[in-house]
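Below is one structure, written out as structure tokens, with a few remarks after it.
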Amino acid sequence: MRTLTVPPSQDEVAQAADEISGGALARVRVEPWLRGRSHHAYLLTTPVGEQFLFKVHRRPHPGRMRRFLHLAELLQARRVPHPAVRWYDVDKRTLEVPYYIQDFISGEDAARSQNALSFTDQHRVGEELGIGLRTMHRVEYVDTPMPWSTELDDRLRTRAAECRFLDALDQESHATVIKHYEERRDALEGVERRLTHDDLNLANLLLQRRSDGWHFVAFLDFERARGRDPLLDLVRIESWTLPACPAMIAPFRDSYAHLDDDPARRRKEIYEVYLLLAGIVWYRSNELPERERFCRERLTEWLSKH
């Protein structure tokens, strides 16, 4: 992935933070935050110990950043657990690149902390995660006037064609995928759009250790969030993410309160294969071969059953 922005120096970050915050972030200590993937990120620590994350997109896109900032306001208003955005500069008044500053919530993402979780911890985190995701999925978020059924139809057919090009599907398996979809596509009609995260992997679930054990505290990285069918998130988190922490699954399902009607079941059966096709294309374009391999192996397994 080509880097299109030059990371600002720590002195430039400190000066911009001071200016954009009206002095609230004066004399901050600036340290590189190396866990950022799509951002150049810096940890800001004030003289009294408050901490914030300063983020600059590696590949700037003003329209995308404005959409994210609108979304951040919505997340705050609807109390979706996330690191709140405090200050931002899209118009490059205080720095040569757009940036935003958000709360820093102490803790570890679930990818790093999963081996430290006891059975009781997993049960607690699963329940809290289900409540948090249910809160997110109650948020109406219509980011396009197109019906969801039309959008998904185009996306699935396009991803399937791209997987033919990438040798993940041959002619016969491509026909199997399309037939599977067309037998269920009527279940997509009338689906209302809700806020979906679209990237609920362990690295985007922030946990915090307290005196009574580990807790779920926030969702991270809303860069790919869209208004879609919440079942997309559910299929991904239940089949890709939570199996790494199996004791989370039952309490997560109980606290989220799943829909198990026939249309929901048929939509899930579409999304199971759609997410694999989309993952292969996304991970190839972003040069993530291990994740692409994971999706290819799961797709091969899916095809063997269909």
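Structure values in brief
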{"item": "Filter result for E162 (touching a residue at least 12 places away in the same chain (Cβ under 8 Å), within 22 Å of the chain's Cα centre (by Cα), over 19 Å from A225 (Cα atoms) and open to solvent by 50 Å² or more (accessible area, probe 1.4 Å))", "result": "no"}
{"item": "Residues of region 296-306 satisfying the condition of being of a type in the set (A, V, I, L, M, F, W, C) and in contact (Cβ under 8 Å) with a residue 60 or more places away in the chain", "result": "L299, L303"}
{"item": "Cross-chain or 6+ apart pairs with Cβ under 8 Å, region 223-251 first and free of Cβ contacts under 8 Å to residues at least 24 places away in the same chain, then surrounded by fewer than 22 Cβ atoms within 10 Å (Cβ to Cβ)", "result": "E238/I249; E238/R253; P243/I249"}
{"item": "From the options T120, T135, residue that is at pLDDT 95 or above and over 17 Å from the mean Cα position of the chain (by Cα)", "result": "T120"}
{"item": "The one condition in (1) within 16 Å of D221 (Cα to Cα); (2) at pLDDT 90 or above; (3) out of contact with any His (no Cβ under 7 Å at 6 or more places or on another chain) that V56 fails to fulfil", "result": "(3)"}
{"item": "Any hit, region 60-72, residues being closer than 30 Å to D18 by Cα and among the aromatic types (F, W, Y)", "result": "yes"}
{"item": "All positions within region 237-276 that are of a type in the set (A, V, I, L, M, F, W, C) and within 22 Å of L202 (Cβ to Cβ)", "result": "I237, W240, L242, A244, C245, A247, M248, I249, A250, F252, L275, L276"}
{"item": "Single condition E172 does not satisfy, out of (1) in a helix (DSSP H, G or I); (2) open to solvent by 60 Å² or more (accessible area, probe 1.4 Å); (3) more than 22 Å from R296 (Cα to Cα)", "result": "(3)"}
{"item": "Subset tally (residues that are assigned to a strand (DSSP E or B) and buried (at least 17 other Cβ atoms within 10 Å of the Cβ)) for region 28-37", "result": "1"}
{"item": "Residue check, A24 open to solvent by 40 Å² or more (accessible area, probe 1.4 Å), under 23 Å from R93 (Cβ atoms) and hydrophobic (A, V, I, L, M, F, W, C)", "result": "yes"}
{"item": "Scope region 270-296; condition small (G, A, S) and within 21 Å of R185 (Cβ to Cβ); matching residues", "result": "A278, G279"}
{"item": "Count - residues of region 38-84 that are in a loop (DSSP other than H, G, I, E, B) and either open to solvent by less than 20 Å² (accessible area, probe 1.4 Å) or of a type in the set (K, R) (or both)", "result": "8"}
{"item": "Which numbered condition G130 fails, given (1) at positive phi; (2) touching a helix residue (DSSP H, G or I) at 6+ places or on another chain (Cβ under 6 Å)", "result": "(1)"}
{"item": "Count of residues meeting criterion [over 17 Å from the mean Cα position of the chain (by Cα) and more than 30 Å from G126 (Cα to Cα)] in region 65-114", "result": "15"}
{"item": "Sole exception among (1) at pLDDT 95 or above; (2) not in a loop (DSSP other than H, G, I, E, B) for L25, by number", "result": "(2)"}
{"item": "Selection from region 95-148 of residues that are part of a loop (DSSP other than H, G, I, E, B) and over 24 Å from A77 (Cα atoms)", "result": "L95, E96, V97, L117, S118, M146, P147"}
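The values are calculated or read from the model by the stated rules, or taken from the named source; none is laboratory data. All values derive from a computational prediction rather than experimental measurement. In this analysis, Cβ positions are derived from the backbone assuming ideal geometry, glycine residues included, and neighbour counts consider all displayed protein chains. Ligands, DNA and RNA are excluded from the accessible area calculation, which covers all protein heavy atoms including side chains. Shrake-Rupley method; radii C 1.70, N 1.55, O 1.52, S 1.80 Å.
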